[in-house]
1. Nearest 0.05, what FRET efficiency do K106 and A23 give at R0 = 30 Å with Cβ-Cβ as r?
2. R116 to E44: FRET efficiency via 1/(1 + (r/R0)^6), r the Cβ-Cβ distance, R0 30 Å, to the nearest 0.05?
3. So, with +1 on the Cβ of K and R and -1 on the Cβ of D and E, and no other charges, what is the size of the charge dipole of region 66-137 about its Cα centre, to the nearest 20 debye?
4. If you count, for each residue, the other Cβ atoms within 10 Å and average over each peptide, how do 123-134, 77-88, 29-40 line up from highest to lowest?
5. Normalised by the residues of region 3-155, what does the relative contact order come to in percent, with Cα pairs under 8 Å and at least six apart?
6. What does the charge dipole of region 3-155 about its Cα centre add up to, to the nearest 20 debye, if the Cβ of each Lys and Arg holds +1 and the Cβ of each Asp and Glu holds -1?
Amino acid sequence: MALESTFRHLACCLHRLHDALNAIEVTLGDKPPNDEAAVADGIERLVLDIMGTLHDTRQGALNAQAAVGRPVDLDMARRALATCNGSFHDFEQQFASGLASYQQLKELARLGSARRAWQPWSATVSQEIEQCQPLLHEASMALAECWQELAEHSGQTSISIRTESLGQKILAKGAHEAVGSSSS
């Protein structure tokens, strides 16, 4: 895959992941009226934190994508991809240990079972969290492909050397000067 299209694919994967999290955020706002649940408030905070980290990840990916455009700046692409990579790992950690953790999903299910009005909401939120998993995997694979493509291009750095033959101009002066002075 070409360098530009690989980085574009990463940006698209991260955009789809953002859309999925945005859908969760919209669903979170559709909770039952006149009823509060600590689980819902906790998930809202988690989603906002995760979306902030994903924003940083996407910015790094967009900067890397711009660096592989014309003219290609592999050093800038490498630095931007490293920023993207670090933020992406933070995002994965927040997602796995917070939003998609066993404990969190268990609390959502418990809320739906304990309060009838919350059942559709908790089921929808759980389903939307689960739908993020394949998108997360796809983004992780796209990030790895960017590193691979960048490494391949870095190894292909070519140096062009142009030589020009310059002649040496020698002017002959008098014979006594060329041989040297031996009559002293």
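Every number here is computed from the coordinates shown, using simple stated rules; none is lab data. These numbers come from a predicted model, not from an experiment. Counting neighbours? That spans all protein chains shown, and the Cβs are built from the backbone with ideal geometry, glycine included.
1. 0.85
2. The pair R116/E44 has a calculated efficiency of 0.90.
3. Dipole size: approximately 240 debye.
4. Listed from highest to lowest mean packing, they are 77-88, 123-134, 29-40.
5. Worked out over region 3-155, it gives 37 percent.
6. With only Lys, Arg, Asp and Glu charged at Cβ, the dipole is about 180 debye.
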